[in-house]
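K.L.:
Below are the structure tokens for one structure; questions will follow.
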Amino acid sequence: MTSSQPLALPGYAHVYSGKVRDLYAPLDDSGAPRADQLLLVASDRMSAYDFVLDTPIPDKGKVLTQLSLWWFERLTDLVPNHVVSTDVPAAVEGRAVLVRRLEMLPVECVARAYLTGGGLVEYRADGHVSGVALPEGLLDGSRLPEPVFTPSTKAPVGEHDQPMPYADVEAAVGASLADRVRGLTTAILARGNEIAAERGILIADTKVEFGLDGDDVVLADEVLTPDSSRFWPADLWEPGHAQPSYDKQYVRDWLTSPASGWDRSSGEAPPDLPADVVEQTRAKYVEAYERLTGRTFS
Ligand SMILES: N#Cc1c(N)ncnc1-c1cnn(CCN2CCOCC2)c1
């Protein structure tokens, strides 16, 4: 059985469903939603080309949850995190985390270690990304001298996050907190790449979210997963063109091949994925987890 739709979880109230994850509130003894905790559940849903695909990828939710927990453990010297427990309902075992409910900051904290996507578009326009001047002559996939903070807004589901000028981040959370999350976001990506590069994976960019617990800045959401980050196979890295995605390339290649019969420009939803593409994609998620953690996925 795969997990592509939000479940009804006895003892929990469903709070929110995003593209690939669902949020629940534990109920207290009176049956009211607790105000201090949330249950973050990762589904097997996969998104591609801004669509949530109809075909789930078995174990994707489990693999990414376990990877995120592994990263949280390796970032505690930089920043505390929101994890409370992995003691979760059996129906979501392995793909759910009980977390502290935080006052979430209204900023998607993105850092880029390599130039591609929206950052490349900005750079080609004026040599800057998020207001930071970059060296001349950079190509699609070029490594940046150091990770750059490129925050964005938190767009409603179905809309695109928009680049957020740093001044707007300061206006939203204050100069001190803006500086703190900028430093943390770039440090998390740098740490991620230190570890991932030894294991044959480049993390081109990543999105993290922070919340406040009182005055404490706490790392929330998921961290350094293929859903929150661009994972590239290091041995295929070659600046000058779009890099192959570690986890999404099989899906992208099939969807854009004649075999799918799908026209990306049509605006129509993509078709179901064939079994071999599903299995190859599942295998890439498992491979990324096992290479990074040194653990065997079970
Ligand atoms: N992680 C985490 C976390 C946390 N530790 N504490 C509080 N909130 C969140 C959280 C998780 N996802 N979102 C975005 C979804 N929101 C849901 C409500 O509606 C607006 C969108 C917030």
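K.L.:
Tell me the residue from Glu136, Glu122 that is over 20 Å from Pro26 (Cα atoms), outside any helix (DSSP H, G or I) and not hydrophobic (A, V, I, L, M, F, W, C), please.
P.N.:
Working: Glu122 fails: outside any helix (DSSP H, G or I).
Sole residue among the options that is over 20 Å from Pro26 (Cα atoms), outside any helix (DSSP H, G or I) and not hydrophobic (A, V, I, L, M, F, W, C): Glu136.
K.L.:
Run down Val99, Val88 and say which single residue is over 24 Å from Ile203 (Cα atoms), within 16 Å of the ligand (Cβ to nearest atom) and assigned to a loop (DSSP other than H, G, I, E, B). Give the derivation first.
P.N.:
Numbers: Val99 fails: assigned to a loop (DSSP other than H, G, I, E, B).
Result: Val88 is the single residue among Val99, Val88 that is over 24 Å from Ile203 (Cα atoms), within 16 Å of the ligand (Cβ to nearest atom) and assigned to a loop (DSSP other than H, G, I, E, B).
K.L.:
If you don't mind, there's one more thing I want to ask. Can you tell me which residues in the range 39-55 are within 16 Å of the ligand (Cβ to nearest atom), touching a Pro at 6+ places or on another chain (Cβ under 8 Å) and either part of a strand (DSSP E or B) or among the hydroxyl-bearing types (Ser, Thr, Tyr) (or both)?
P.N.:
First, pick out the residues of the range 39-55 that are within 16 Å of the ligand (Cβ to nearest atom): 39-43, 45, 47, 52.
Checking the rest, the ones that are also touching a Pro at 6+ places or on another chain (Cβ under 8 Å) come to 39, 41, 43, 45.
Correct list: Leu39, Val41, Ser43.
K.L.:
Ala259 is checked against (1) among the aliphatic types (A, V, I, L, M); (2) within 30 Å of Leu75 (Cα to Cα); (3) surrounded by fewer than 21 Cβ atoms within 10 Å (Cβ to Cβ) and fails just one. What number does that condition carry?
P.N.:
(2)
K.L.:
Okay, moving on. Part of a strand (DSSP E or B) and either of a type in the set (D, E, K, R) or farther than 21 Å from Ser245 by Cα (or both): is that true of Arg112 in this structure? Write out each step before concluding.
P.N.:
Details: part of a strand (DSSP E or B): yes; either of a type in the set (D, E, K, R) or farther than 21 Å from Ser245 by Cα (or both): yes.
Yes.
K.L.:
Out of all the residues in the range 65-79, which are of a type outside the set (S, T, N, Q) and either under 16 Å from Gln280 (Cα atoms) or not in a helix (DSSP H, G or I) (or both)?
P.N.:
The initial filter retains those residues of the range 65-79 that are of a type outside the set (S, T, N, Q), namely 67, 69-75, 77-79.
Of everything in the range 65-79, those that are of a type outside the set (S, T, N, Q) and either under 16 Å from Gln280 (Cα atoms) or not in a helix (DSSP H, G or I) (or both) turn out to be Arg74, Leu75, Asp77, Leu78, Val79.
K.L.:
Have a look at Pro58, Pro80, Pro26 and point out the one that is more than 15 Å from the ligand (Cβ to nearest atom), surrounded by 14 or more Cβ atoms within 10 Å (Cβ to Cβ), in contact (Cβ under 8 Å) with a residue 60 or more places away in the chain and not assigned by TED's automatic domain parsing to the domain that holds Phe149.
P.N.:
Pro58
K.L.:
Just checking, which of Ala196, Ala178, Ala171 is surrounded by fewer than 15 Cβ atoms within 10 Å (Cβ to Cβ), of a type in the set (A, V, I, L, M) and more than 16 Å from the ligand (Cβ to nearest atom)? Let's see the steps before the verdict.
P.N.:
Details: Ala196 fails: surrounded by fewer than 15 Cβ atoms within 10 Å (Cβ to Cβ); Ala178 fails: surrounded by fewer than 15 Cβ atoms within 10 Å (Cβ to Cβ).
Of the residues listed, the single one that is surrounded by fewer than 15 Cβ atoms within 10 Å (Cβ to Cβ), of a type in the set (A, V, I, L, M) and more than 16 Å from the ligand (Cβ to nearest atom) is Ala171.
K.L.:
Among (1) surrounded by 19 or more Cβ atoms within 10 Å (Cβ to Cβ); (2) within 16 Å of the ligand (Cβ to nearest atom), which single condition is Pro106 missing?
P.N.:
In the conditions (1) surrounded by 19 or more Cβ atoms within 10 Å (Cβ to Cβ); (2) within 16 Å of the ligand (Cβ to nearest atom), Pro106 misses (1) alone.
K.L.:
Out of (1) more than 11 Å from the ligand (Cβ to nearest atom); (2) surrounded by fewer than 18 Cβ atoms within 10 Å (Cβ to Cβ); (3) at pLDDT 95 or above, what's the single condition that is false for Val15?
P.N.:
Every listed condition holds for Val15 apart from (1).
K.L.:
OK, next. Give the range 256-298 a look and list any residue that's assigned to a helix (DSSP H, G or I), within 29 Å of Thr65 (Cα to Cα) and among the aliphatic types (A, V, I, L, M), or say none. If you could, list the steps in order and put the result at the bottom.
P.N.:
Of the range 256-298, the ones assigned to a helix (DSSP H, G or I) are 258-260, 264-266, 275-293.
Next, only the ones that are within 29 Å of Thr65 (Cα to Cα) stay: 275-293.
Those that are assigned to a helix (DSSP H, G or I), within 29 Å of Thr65 (Cα to Cα) and among the aliphatic types (A, V, I, L, M): Ala275, Val277, Val278, Ala283, Val286, Ala288, Leu292.
The values are calculated or read from the model by the stated rules, or taken from the named source; none is laboratory data. Since the model is a prediction, treat every value here as computed from it, not as a measurement. Here the Cβ is made from the backbone with ideal geometry for all residues, glycine too, and neighbour counts use every protein chain on show.
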